[in-house]
Amino acid sequence: MYKARTAWLFLIPTGVLLLTFSIIPAVAALGLSFTNYNVFQPIEWVGIENFSRAFSDDDFWNALWNTFYYWILVTPALIVIPVFLAILVNQQLMGIKVYRLIFYFPALVSVVVTAILWTWMFKSDGLFNAALHSIGINPVDWLTDKFTAMPSLAIVTVWQGLGYYMLFYLAGLQSVSKDLYEAAELDGAGFWAKHIYITFPSLKPIIFFVTVVSTMSAFKEFTLMLTMTAGGPIGSTTTLVYMIFEKAFTDLEMGYASAVSTILFVIILILTLINKRALDTTQQ
């Protein structure tokens, strides 16, 4: 009884914060999605009108496509590349901790600072175009061309996220018994064979975790779009989260913005359940 009471005392502060800043706002947003609310006028119940509007809104479908496009560009890279980085920095080499720090360092930098740094490098007279010019290639409009703007943002996201997700894989690698690798070497397994048959299967739970976290991060990314492109050019980097921001705080359509955020929540939930189902299937 005493231990249970002590546990609850430790959980109460976190529970209050979770309730205040997560659960109550989420429930409030769900309620507002069925209303017409613009801050200055009384709340008006409109039922599913906001959802109907969203599914017939070209801007919504464009933002949805941009969100999935960004997710496709970012998430596979953040799932696969950190695995190999983790394998690399898991070697017993002199100064390996320094390399771990170098790979992880971008994750320590503020997203706003990162965005400003990369915006400068993507400028017409920036570092990348200077490098292209030195080898005789014409400058690229990285952030002002609708075909290159989103891939440019994806490059920034991958650069900053590699070290962060590498740590999860590194922790998983260090929990794999070395006896398995030694037994595989005795059976004649090479470097890649050991990782294919031992490392990757052992990392399945972590791969699922990274997939879910990177997916949620991709679908809710906002700072880069706001700081580097402001949703442009021609709406090519306007994602669902950026659209929610514009509708809520620029157009003051709080009800419509809440409806779009509810749809976004359902999409992320479905993708998470699909990932969970795929992981359970592979483990059977």
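The values are calculated or read from the model by the stated rules, or taken from the named source; none is laboratory data. Since the structure is predicted, the reported quantities are computational estimates derived from the model, not experimental observations. Cβ: placed from backbone, ideal geometry, glycine included. Neighbour counts: every protein chain shown. To get the accessible areas, we keep the full protein, side chains included, count just its heavy atoms, and leave off ligands, DNA and RNA. Shrake-Rupley method; radii C 1.70, N 1.55, O 1.52, S 1.80 Å.
Of 194, 247, 123, the residue with the greatest mean-square motion in the GNM of the chain, using alpha carbon springs below 10 Å, is 194. Based on DSSP H segments of at least four residues, each scored -39500 (n - 2.57), the chain has a per-residue ellipticity at 222 nm of -21500 deg cm²/dmol.
The loop-placed chymotrypsin sites (Phe, Trp or Tyr not before Pro) in the stretch 99-151, going by DSSP, that have at most 11 neighbouring Cβ atoms within 10 Å of their Cβ come out as 147. Peptide packing for 271-278, 76-83 was compared via the average number of neighbouring C-beta atoms within 10 Å per residue; ordered from the highest value, the list is 76-83, 271-278.
Taking Cα atoms only, the orientation of helix 2-18 departs from the longest principal axis of the chain by about 60 degrees. Taking the protein heavy atoms of the stretch 50-283 in the context of the full set of protein chains, the accessible area attributed to carbon and sulfur is 69 percent at 1.4 Å. Since only 64, 98, 257 are under comparison, the one whose Cα sits farthest along the positive direction of the charge dipole of the chain, derived from C-beta charges on Lys, Arg, Asp and Glu, is 98.
Under a model in which nothing but the beta-carbon of Lys, Arg (+1) and Asp, Glu (-1) is charged, the stretch 50-283 shows a dipole of about 460 debye around its Cα centre. Distant-in-sequence amide contacts of residue 36, defined by a placed amide H-H separation under 5 Å and a gap of 5 or more residues or a different chain, comprise 44, 45, 46. For the chain, the relative contact order works out to 30 percent when only alpha carbon pairs closer than 8 Å and six or more residues apart are counted.
Each residue of the stretch 242-253 was assigned a 3J(HN,Hα) from its phi angle through the Karplus curve 6.51 cos²θ - 1.76 cosθ + 1.60 (θ = phi - 60°); the sequence is 5, 5, 4, 4, 5, 5, 7, 10, 9, 8, 6, 9 Hz, with glycine and proline shown as x.
Can you tell me how the chain classifies by the Cα gyration tensor, rounded, prolate or oblate, using a/c under 1.5 as the rounded cut? Oblate, since a/c reaches 1.5 and b/c is not below a/b. Extension gain for residue 130 to residue 21 (0.36 nm times residue separation, less C-alpha to C-alpha distance): 34.7 nm.
Here the 3J(HN,Hα) profile of the stretch 46-62, calculated from phi with Karplus coefficients 6.51, -1.76 and 1.60 at θ = phi - 60°, is 10, x, 8, 4, 5, 5, 4, 4, 4, 6, 10, 9, 4, 5, 5, 5, 5 Hz, Gly and Pro shown as x.
Across the stretch 87-96, rounded Karplus estimates of 3J(HN,Hα) from the backbone phi angles (6.51 cos²θ - 1.76 cosθ + 1.60, θ = phi - 60°) give 4, 5, 8, 8, 6, 8, 10, 5, x, 5 Hz, Gly and Pro being marked x.
Classify the stretch 202-250: rounded, prolate or oblate, from the alpha-carbon gyration tensor (a ≥ b ≥ c, eigenvalue square roots; a/c under 1.5 rounded; otherwise prolate if a/b is larger than b/c)? It is prolate, given that a/c is not under 1.5 and a/b is the larger ratio.
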